[in-house]
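Working notes, structure below.
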Amino acid sequence: MIAFRPHPFAQPLLLVVGALLSLQACKSSTPAASPPAQAQAPETDVVPLKSIQEGLQTRAIPASSILQVWFPAEAAGDESARALLTAPVSGIVASAPAAPGRPLAKGVSLLTLRSPELAELKSKWLIAQARLKRAQADLAREQRLASAQAGARRDLEIAEAEQAGASAEAESARISLQARGVTPEQADGTFVLRTPSAGTVSAWKVQLGQGVAVNEELGSFQAASASLALIELPPPVPSTWKLGSRTGIRDDSHTWLGEVVGLPSSLGDMTHRMTYRLRLSGAPLPLPGTPLEVQVPVGQGVLLPSSALQQVDGVWGVFLQEGDLARFHPVKRGPDVARDTLVLDGLPTGAKVFTQGAYLLKSKLMRLRAGGGDE
């Protein structure tokens, strides 16, 4: 009988294999553990309403419509209604200039100049008148002598030449005075500057006691009737307004038809608005500076209180109510109209928008985005 003798390395190998089989059996008898649940990312554009107890108010969003909005404007005269006030003679300002901005009738005194130049011109005219009168008398005497054949022909010719020279000198003195805006008979050593028409003084460049030269600018004058309306609009500007476009213009008691005659070329440096010029048709025209309102086609959209719009991370939007939450909803913002703002796009009709307290929702949203939690 043959005896079986195991290999010297077989026993350790069998022990290792048995251990591995036992470990596998233990794993198969233990239930598999479920994978860990993935944490849900919190929404970053909603605010729980329970975190804000008061100060909120909502309004249902109406349907979008084409809007014509009245914007404030100002009556102004065009360039033909403006005039420079200048000094026709040199002199010294002898009376306080009339107050700027006050309505004045035509021919009203604005200021008085005390003028040695005007006095000298009047003196020359008086001397010329005296010489002309003497020359006319001498000529009349010589003509009588010539008729009686008692005078010399040469004396008559001299008298005629003297009369012609004196007449020319008197005419020259008269023209010099009239060119300075005064009649020879009424001229003296003072010049009164009067309103060229009904209107207002826009501004003065001189003051009482100041010396002025001939043709020096004294101030500016605006005629009483204003044929233009100036309106400054924030961007975006009305896309339908072109040269020749027409719209309504009004004040407290009158209405006019306005025609666009001037379009803006760029934003104002200080106001960051676009200036339009509209010519008024109708009577009576308003005074320069009169507050007006111009009907502007601002586009299709919805008017909301300006407080409803908030800017979050550079994006304009509103907060809409969704149950117990307020969700930030981006919109396309249009121009401001008094205390309202035109929203051109992005509003769902019938949804509730927060018109008061939106700034509280924005503040809370920013804290939530920064990881502040729902306090």
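The values are calculated or read from the model by the stated rules, or taken from the named source; none is laboratory data. The model shown is predicted, which means the values in this text are computed figures rather than measured ones. Note: ideal-geometry Cβ built from the backbone for every residue, glycine included; neighbour counts use all protein chains shown.
Report yes if residue 135 is of a type outside the set (Asp, Glu), farther than 30 Å from residue 95 by Cβ, surrounded by 13 or more Cβ atoms within 10 Å (Cβ to Cβ) and at pLDDT 90 or above, otherwise no. Step through it out loud before you land on a result.
On the way: of a type outside the set (Asp, Glu): yes; farther than 30 Å from residue 95 by Cβ: yes; surrounded by 13 or more Cβ atoms within 10 Å (Cβ to Cβ): yes; at pLDDT 90 or above: yes.
Taking the combined requirement at face value, the residue satisfies it.
Listed by first and then second residue, the pairs with beta-carbon distance under 7 Å, at least 6 apart or on different chains, first residue in the range 90-110 and over 23 Å from residue 287 (Cβ atoms) and at pLDDT 90 or above, second assigned to a strand (DSSP E or B) and aromatic (Phe, Trp, Tyr), are 91/191.
Of all residues in the range 99-116, those satisfying the criterion of being buried (at least 19 other Cβ atoms within 10 Å of the Cβ) and either outside the structural domain of residue 218 (by TED's automatic domain parsing) or under 17 Å from residue 86 (Cα atoms) (or both) are 110, 111, 113, 115.
Mind checking which residues of the range 317-359 are under 33 Å from the mean Cα position of the chain (by Cα) and either farther than 18 Å from residue 302 by Cβ or among the acidic types (Asp, Glu) (or both)? Talk me through it step by step, then tell me what you get.
At the first step, the residues of the range 317-359 found to be under 33 Å from the mean Cα position of the chain (by Cα) are 317-319, 329-347, 353-359.
Scanning the range 317-359 gives 336, 340, 345, 357, 359.
With the condition kept exactly as written, say whether any residue in the range 24-44 is at pLDDT 50 or above, over 30 Å from residue 210 (Cβ atoms) and in a loop (DSSP other than H, G, I, E, B). Checked against the condition, which is being at pLDDT 50 or above, over 30 Å from residue 210 (Cβ atoms) and in a loop (DSSP other than H, G, I, E, B), the range 24-44 yields at least one hit.
The range 197-256 holds strands (runs of 3 or more DSSP E) entirely within its bounds, and those carrying 3 or more residues that are over 30 Å from residue 114 (Cα atoms) map to 228-233, 246-250.
One residue alone among 350, 334, 289, 371 is farther than 20 Å from residue 54 by Cβ, among the small types (Gly, Ala, Ser) and touching a Gly at 6+ places or on another chain (Cβ under 7 Å), and that residue is 334. Counting residues in the range 252-271 that are under 21 Å from the mean Cα position of the chain (by Cα), on the phi > 0 side of the Ramachandran plot and in contact (Cβ under 8 Å) with a residue 12 or more places away in the chain gives zero.
Could you list all residues from the range 181-196 that are of a type in the set (D, E, K, R) and in a strand (DSSP E or B)? Talk me through it step by step, then tell me what you get.
Step one: filter the range 181-196 for residues of a type in the set (D, E, K, R), giving 185, 188, 194.
The answer is 194, and nothing else.
Taken over the range 208-232, the criterion of being closer than 17 Å to residue 102 by Cα and either in contact with a helix residue (DSSP H, G or I) (Cβ under 6 Å, 6 or more places away or on another chain) or surrounded by fewer than 21 Cβ atoms within 10 Å (Cβ to Cβ) (or both) is satisfied by 219, 220, 223, 224, 225. Residues of the range 274-288 that are at pLDDT below 90 and buried (at least 16 other Cβ atoms within 10 Å of the Cβ): 274, 285, 286, 287, 288.
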